[in-house]
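The structure appears right after this line, and notes come after that.
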Amino acid sequence: MQEGNALFKEKNLRGAMGKYHRALLFIQGIQVQQNAASLMGLTSTEQPKVDQLPESVKQEVTKIKMDCYNNLAILEVEPTNVKALYRKGKALYNIKDYDTALQVLQKAQEVDNGNDSGIKQCIKDCKQQLKNLLRKERDIYRRLFEK
């Protein structure tokens, strides 16, 4: 978990998710035999960039990320863990699930009594993204009815 935390702080979300996922598998008694690169037939020096991956792989990576946070052992044991809630909210934000991210981050803020400026900023960002999406939808529907 500490390695995952270090990668998360470096904004290496993919690496952090891998470490967290392996930790969860270990906790559940499953040993990981191969990493994602070996499953794709690549060596560690040939790691593909996210943009180069096929859409199905991107979707699977997203699913794994969400599974990790939805099943995060810490939240199962301690559902009010602020750090775990914050990270789940950030993961949801990064995959553009702003509604759910906002709910999770608001729960984290409630538990933390509004003390964390990082949580406040993420909530602000989620609200801004939701506002932008609503504006885009309004523009689309306005254009449809103008014709």
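Return the residue satisfying two criteria in turn: it lies in region 110-127 and is part of a helix (DSSP H, G or I) and touching a Phe, Trp or Tyr at 6+ places or on another chain (Cβ under 9 Å), and of such residues it is farthest from LEU92 (Cα to Cα).
ASP112
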Mind listing whichever residues of region 96-124 are within 18 Å of LYS83 (Cβ to Cβ) and charged (D, E, K, R)?
LYS107, GLU110, ASP112, ASP116, LYS120
Step by step: first the residues of region 83-109, then only those that are surrounded by fewer than 20 Cβ atoms within 10 Å (Cβ to Cβ) and touching a Ser or Thr at 6+ places or on another chain (Cβ under 9 Å), then the one that is nearest to TYR20 (Cα to Cα). Which residue is that?
ILE95
Criterion violated by THR45 - all others in (1) out of contact with any helix residue (DSSP H, G or I) (no Cβ under 6 Å at 6 or more places or on another chain); (2) over 19 Å from LEU13 (Cα atoms); (3) loosely packed, with under 13 Cβ neighbours inside 10 Å; (4) modelled with pLDDT under 85 satisfied
(2)
From the residues in region 67-125 that are under 19 Å from GLY15 (Cα atoms) and of a type in the set (Gly, Ala, Ser), which one is modelled with the lowest pLDDT?
ALA73
Yes or no: ILE140 part of a helix (DSSP H, G or I), among the β-branched types (Val, Ile, Thr) and without any contact (Cβ under 8 Å) to a residue 12 or more places away in the chain?
yes
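The values are calculated or read from the model by the stated rules, or taken from the named source; none is laboratory data. Just so it is clear, the model here is predicted, and its values are computed rather than measured. No Cβ is skipped: glycine too gets one built from the backbone with ideal geometry, and neighbour counts run over all protein chains shown.
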